[in-house]
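What follows draws every value from the coordinates through simple rules; no lab data is involved. Quick caveat: nothing in here was measured; it's all calculated off a predicted structure. As a convention, Cβ positions derive from the backbone with ideal geometry for all residues, glycine included, and neighbour counts pool all protein chains shown.
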Amino acid sequence: MGIADRVEVERVETLSDDWYVLKKTTFRYRRNDGTWQRQSRETYDRGNGATILLYDSTRRTVVLTRQFRYPAFVNGHDGLLVETPAGLLDDASPEDRIRAETEEETGFRVGPVSCIFDAFMSPGSVTERLYFFVAPYESKDRVGAGGGQAEEGEDIDLLEPTIDEALAMIDAGTIRDGKTIMLLQYAALHLFARS
């Protein structure tokens, strides 16, 4: 039996449709013991996204970005967030979108990209599925300034630490972004031999 057989949606209300869509759904869920329980949940739908870690195995470097994130700021983070390049799909394929997003944010034009997994980052309230990519890069692949799109409020700095420096930034609390931590840990296990 699939999970769809255990869910009966009764009512969906749109609470907000400004930046993205916030809905409140009332539904019945059939529990493991066979009884039905009425539940209500809010879901925030911002679309699906993709993120990427660029890595240079010869120089042992990775490409990261640094930018202001208002939600982190209002939750007590008084600094810029260090992250892997990422963006929403906006009806593009994950591969096409991450290539464009990487060039917009970092100035690097990437060649072949590898999707290593996808994950729901906050499944208790956010519908987004995030596709995780890795791709090799070289200094010559930088074809633009990067920095993001000013009209979208982006003001992005580029960082190029070694993998060991990036992992130390996690330990020091300098990197606090979940997707970035996941990709750097993947890199430590699969792309670089830790020194």
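The distance from the alpha carbon centre of segment 134-156 to that of segment 163-186 is 20 Å, rounded to a whole number.
With θ taken as phi - 60° and the Karplus curve 6.51 cos²θ - 1.76 cosθ + 1.60 applied, the whole-hertz 3J(HN,Hα) list for segment 13-24 is 10, 8, 8, 7, 9, 9, 6, 9, 10, 10, 10, 10 Hz, x standing for glycine and proline. Calculated mean residue ellipticity, 222 nm, the chain: -6000 deg cm²/dmol, from DSSP H runs (n ≥ 4) at -39500 (n - 2.57) each, averaged per residue and rounded to 500. Ordering of 36-43, 128-135, 20-27 by packing is 128-135, 20-27, 36-43, highest average first (other Cβ atoms within 10 Å, averaged per residue). Considering every alpha-carbon pair of the chain, the percent of pairs per 5 Å bin, from zero through the bin containing the longest distance, is 1, 7, 13, 17, 18, 14, 10, 8, 7, 4, 2, 0, 0. Label-to-label distance, Ser122 versus Gln149, with points set 7 angstrom from Cα along the beta-carbon direction: 2.3 nm. Between Ser57 and Ala92, the distance separating the two model label sites (each 7 Å from Cα on the Cα→Cβ line) works out to 2.7 nm. Each Lys and Arg Cβ is given +1 and each Asp and Glu Cβ -1; about its Cα centre, the chain then shows a dipole of about 860 debye. Work out the P(r) tail for segment 111-179: percent of alpha carbon pairs separated by more than 18 Å, whole number. So the pairs more than 18 Å apart make up 64 percent of the total in segment 111-179.
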